[in-house]
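Undergrad: Structure below; questions to follow.
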Amino acid sequence: MTLDSDKITGILLAGGNSKRMGRDKGEIEVQNRTFFSIAVDILENACDEVLISTCSQKPGWKGYRKVCDEIRGIGPMGGVYSCLRQTNTEMNLVLSIDMPLVTPDLLKALMKEGEGADMVVPALGDGMPEPLCALYRKGVAENIHEMILGETYAMHELFPKVRTRILRIGKEMPFYHPDLFLNVNRPDDLQRFMAIMGKDEKD
């Protein structure tokens, strides 16, 4: 495969079971927009192509290339691994569908830090890095495969195995938000997100 070094692929992790939410997170609608459409818009504003990590065939998700996990039941690592194997570009931006406050400007900031790194991972201040909103080189798939063979599925365990750069997000950055990496996993997280947006969820 000849990789395109001038373009970047967005990888949307949309294949979770949403057990804690109790319904498909991608179909949650706030301000007349679904979480799926919010995430796709974020990626399309920063990327040339978007891959959807999912094994579902939802009618509203037509027009996007979908990648089903090659290895099921290992969480987000399965989606990242499978999509990195299928991407046609050297650099790839991964975003989980349940991080609706991430902005294209943040993703572009990650891209600017990509020279000489295999991964660029953001962290809010002194907080933990967020591997589900990060820049990955395609070759990282080989390192992930080794982890899978060793039954190690925590994404943060990947950091010391590759050239990882942490981008600390401070208040001086224009895209800073105290809840930038709010992960909407549960109904109370959704209520918090709606409070931030200042709007009620559409029934």
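Undergrad: I'd like the residue in the stretch 111-153 that is aliphatic (A, V, I, L, M), touching a residue at least 12 places away in the same chain (Cβ under 8 Å) and out of contact with any strand residue (DSSP E or B) (no Cβ under 8 Å at 6 or more places or on another chain) and, out of all such residues, is farthest from Thr89 (Cα to Cα).
TA: Initial filter on the stretch 111-153 (aliphatic (A, V, I, L, M)): 111, 117, 119-121, 123-124, 128, 132, 134-135, 140-141, 144, 147-149.
Filter again for touching a residue at least 12 places away in the same chain (Cβ under 8 Å), leaving 111, 117, 119-121, 123-124, 128, 132, 134-135, 140-141, 144, 147-148.
Imposing the further condition that a residue be out of contact with any strand residue (DSSP E or B) (no Cβ under 8 Å at 6 or more places or on another chain) reduces the set to 128, 141, 144, 147-148.
Numbers: Met128: 27, Ala141: 13, Ile144: 17, Met147: 22, Ile148: 23 Å.
The qualifying residue farthest from Thr89 (Cα to Cα) is Met128.
Undergrad: Could I ask something else about it? Please indicate, with yes or no, whether at least one residue in the stretch 65-83 is within 17 Å of Lys25 (Cα to Cα), in contact with a Gly (Cβ under 9 Å, 6 or more places away or on another chain) and among the aliphatic types (A, V, I, L, M).
TA: Looking for residues that are within 17 Å of Lys25 (Cα to Cα), in contact with a Gly (Cβ under 9 Å, 6 or more places away or on another chain) and among the aliphatic types (A, V, I, L, M), one finds none in the stretch 65-83, hence no.
Undergrad: I want to confirm something. Restricting to the stretch 162-191 and keeping residues that are under 20 Å from the mean Cα position of the chain (by Cα) and among the charged types (D, E, K, R), which single residue is surrounded by the most Cβ atoms within 10 Å (Cβ to Cβ)?
TA: Once the filter is applied, the top-ranked residue is Arg165.
Undergrad: Would you list the strands (runs of 3 or more DSSP E) that sit entirely within the stretch 108-203 and hold 1 or more residues that are under 23 Å from Lys25 (Cα atoms) and in contact with a Ser or Thr (Cβ under 8 Å, 6 or more places away or on another chain)?
TA: Details: elements: 119-124, 133-137, 164-169.
Per the criteria, 133-137.
Undergrad: Any idea which residue in the stretch 64-105 is modelled with the lowest pLDDT, counting only those that are assigned to a loop (DSSP other than H, G, I, E, B) and within 12 Å of Gly10 (Cβ to Cβ)? Before the answer, list the steps.
TA: The first filter runs over the stretch 64-105 and keeps only residues assigned to a loop (DSSP other than H, G, I, E, B), leaving 64, 68-75, 87-88, 97-103.
Applying the additional criterion that residues be within 12 Å of Gly10 (Cβ to Cβ) yields 64, 87, 97, 102.
Numbers: Tyr64: 90, Thr87: 97, Ile97: 93, Val102: 95.
The qualifying residue modelled with the lowest pLDDT is Tyr64.
Undergrad: Restricting to the stretch 93-111, count the residues that are of a type outside the set (A, V, I, L, M) and surrounded by fewer than 19 Cβ atoms within 10 Å (Cβ to Cβ). Explain how you work it out, then say what you get.
TA: From the stretch 93-111, those of a type outside the set (A, V, I, L, M) are 96, 98, 100, 103-105, 108; that's our starting set.
Those left that are additionally surrounded by fewer than 19 Cβ atoms within 10 Å (Cβ to Cβ): 103-105, 108.
Looking only at that region, the number is 4.
Undergrad: Tell me whether the stretch 114-131 contains one or more residues that are under 24 Å from Val50 (Cα atoms), surrounded by fewer than 12 Cβ atoms within 10 Å (Cβ to Cβ) and either modelled with pLDDT of 95 or more or over 18 Å from the mean Cα position of the chain (by Cα) (or both). If you could, list the steps in order and put the result at the bottom.
TA: Filtering the stretch 114-131 for residues under 24 Å from Val50 (Cα atoms) gives 114-123, 129-131.
After this cut, where a residue has to be surrounded by fewer than 12 Cβ atoms within 10 Å (Cβ to Cβ) as well, the list is 115-116.
Among the residues that remain, those that are also either modelled with pLDDT of 95 or more or over 18 Å from the mean Cα position of the chain (by Cα) (or both) are: 115-116.
Looking through the stretch 114-131, at least one residue is under 24 Å from Val50 (Cα atoms), surrounded by fewer than 12 Cβ atoms within 10 Å (Cβ to Cβ) and either modelled with pLDDT of 95 or more or over 18 Å from the mean Cα position of the chain (by Cα) (or both).
Undergrad: Among the listed residues Glu90, Glu70, which satisfies the condition of being in contact with a helix residue (DSSP H, G or I) (Cβ under 9 Å, 6 or more places away or on another chain) and surrounded by fewer than 19 Cβ atoms within 10 Å (Cβ to Cβ)?
TA: Working: Glu90 fails: in contact with a helix residue (DSSP H, G or I) (Cβ under 9 Å, 6 or more places away or on another chain).
None of the others qualify; the one that does is Glu70.
Undergrad: Examine the stretch 31-53 for a residue that is among the basic types (Lys, Arg), in contact with a strand residue (DSSP E or B) (Cβ under 7 Å, 6 or more places away or on another chain) and part of a strand (DSSP E or B), and state whether such a residue exists. Write out each step before concluding.
TA: Taking the stretch 31-53 as the starting set, the residues that turn out to be among the basic types (Lys, Arg) are 33.
Next, only the ones that are in contact with a strand residue (DSSP E or B) (Cβ under 7 Å, 6 or more places away or on another chain) stay: none.
No, the stretch 31-53 contains no residue that is among the basic types (Lys, Arg), in contact with a strand residue (DSSP E or B) (Cβ under 7 Å, 6 or more places away or on another chain) and part of a strand (DSSP E or B).
The values are calculated or read from the model by the stated rules, or taken from the named source; none is laboratory data. Because the structure is a prediction, the values reported are computed rather than measured. Virtual Cβ from ideal backbone geometry, glycine too; neighbours counted across all protein chains shown.
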